[in-house]
Amino acid sequence: MGVLTGRTALVTGASRGIGRGIAERLARDGARVGVHYGRSEAAAKETVAAIEAAGGSAFTVGVELGGRGDAEALWAEFDRHADGLDILVNNAGIGTSRPIEQIGEEEYDRLFAVNVKAPFFILKHGMTRLRDGGRVVNISSGLARTAVMPHNMAYAMTKGALDVLSRDLSKVLGARGIRVNSVAPGIIDTDNTAPFLRETEDGWAQAEAISALGRVGTAADVADVVAFLASDAGRWVTGSWVDATGGSMP
Ligand code: NAP
């Protein structure tokens with residue numbers, strides 16, 4: 001028996017990276033996990049296979065986010081597999097590291113559609129499916145609170161908006177015992193950060209230097225923080241912005 005046995009979770013963007021780490025972690029704690037993906041169906045199936053190989057239970061939910069009606073489509077797909085849920089992790093997201101001079105309206109709209117609008121409407125339509133006592137974790141970023149990489153400004157703005165959603169929705173859903181928090185990773189080794197970490201000469205060393213702990217973060221580092229908030233141990237934490245940056249904040 002794990003601490004989440006009998007609970008159902010949905011993790012968006014769980015085909016790869018941090019989302020996959022969270023899905024595997026929640027499954028290890030006993031939750032049955034919906035592994036959401038956009039384009040990477042094969043990778044999502046691999047996540048499910050890894051969970052099952054470790055003795056857990058999972059299913060895929062495939063819906064591309066960022067267009068009209070995406071949240072309703074996601075829940076329609078989810079409903080085919082489960083009757084309600086206890087834990088929702090809004091993790092799917094995209095980034096950009098281009099300066100303001102180079103960002104056009106199309107890129108700006110896409111960032112906000114995937115990183116802000118999608119979680120907002122996933123929550124709007126998911127609130128009725130979340131059981132009382134449920135938990136919501138929105139994956140933010142340390143960049144929402146530090147200007148250490150100002151060329152990530154537009155991306156950081158989306159995470160700032162997501163943090164307001166966490167804070168204010170915690171007041172709305174608190175009456176039902178549902179907790180809502182943001183978890184803010186620092187630089188984590190994933191496909192998203194590979195161009196900086198692995199394809200620049202000193203990206204890895206720079207990332208190590210930013211963290212007080214002198215290393216680059218892993219998906220598991222973030223997943224453990226999410227698992228705490230998803231468990232009863234996190235029962236008195238809501239409306240919070242939880243720093244999971246490995247001491248990267250100034
Ligand atoms: P990643 O490796 O690029 O994976 C992104 C995940 O999100 C994939 O599963 C992808 O699914 C899904 N996704 C992206 N766009 C989507 C869309 N339009 N529709 C549906 N699914 C979509 O990213 P990551 O580094 O793990 O980041 C995960 C979250 O952590 C993001 O919100 C990111 O902003 C945040 N974060 C990351 C870091 C970091 O250093 N890596 C730091 C702070 C915050 P498909 O491949 O199936 O489309």
**OP:** Scan segment 6-25 residue by residue and report those that are more than 9 Å from the ligand (Cβ to nearest atom), of a type outside the set (D, E, K, R), farther than 23 Å from V216 by Cβ and touching a strand residue (DSSP E or B) at 6+ places or on another chain (Cβ under 6 Å).
**Re:** T8, A9, L10
**OP:** Kindly indicate which of R145, R176, R167 is surrounded by fewer than 19 Cβ atoms within 10 Å (Cβ to Cβ), over 25 Å from S40 (Cα atoms), among the basic types (K, R) and more than 20 Å from the chain's Cα centre (by Cα).
**Re:** R176
Original post:
Quick one: how many residues across segment 159-192 are within 14 Å of the ligand (Cβ to nearest atom) and either free of Cβ contacts under 8 Å to residues at least 12 places away in the same chain or in contact with a strand residue (DSSP E or B) (Cβ under 9 Å, 6 or more places away or on another chain) (or both)?
Top reply: 13
Original post:
Out of segment 95-140, which residues are without any contact (Cβ under 8 Å) to a residue 24 or more places away in the chain and either touching a Cys at 6+ places or on another chain (Cβ under 6 Å) or within 15 Å of the ligand (Cβ to nearest atom) (or both)?
Top reply: E106, D109
Original post:
Among the numbered criteria (1) more than 30 Å from L4 (Cα to Cα); (2) in contact with an Asp or Glu (Cβ under 6 Å, 6 or more places away or on another chain), which single criterion is violated by G134?
Top reply: (1)
**OP:** Identify the single condition in (1) open to solvent by 10 Å² or more (accessible area, probe 1.4 Å); (2) closer than 17 Å to G2 by Cα that I22 does not satisfy, given that it satisfies every other one.
**Re:** (1)
**OP:** Evaluate segment 53-68: report whether one residue or more is touching a residue at least 40 places away in the same chain (Cβ under 8 Å) and either away from the ligand (no atom under 14 Å from the Cβ) or not aliphatic (A, V, I, L, M) (or both).
**Re:** yes
Original post:
Quick one: what pairs do we get from segment 237-249, first residue touching a residue at least 40 places away in the same chain (Cβ under 8 Å) and within 14 Å of L165 (Cα to Cα), second among the basic types (K, R) and open to solvent by 30 Å² or more (accessible area, probe 1.4 Å), C-beta under 6 Å, 6+ apart or different chains?
Top reply: G239/R167
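The values are calculated or read from the model by the stated rules, or taken from the named source; none is laboratory data. All values reported here derive from a predicted model rather than from experimental measurement. Heads up, the Cβs are rebuilt from the backbone with ideal geometry, glycines too, and the neighbour counts pull from every protein chain shown. Each accessible area value is taken on the protein alone, full model and side chains, heavy atoms only, with ligands, DNA and RNA left out. Shrake-Rupley method; radii C 1.70, N 1.55, O 1.52, S 1.80 Å.
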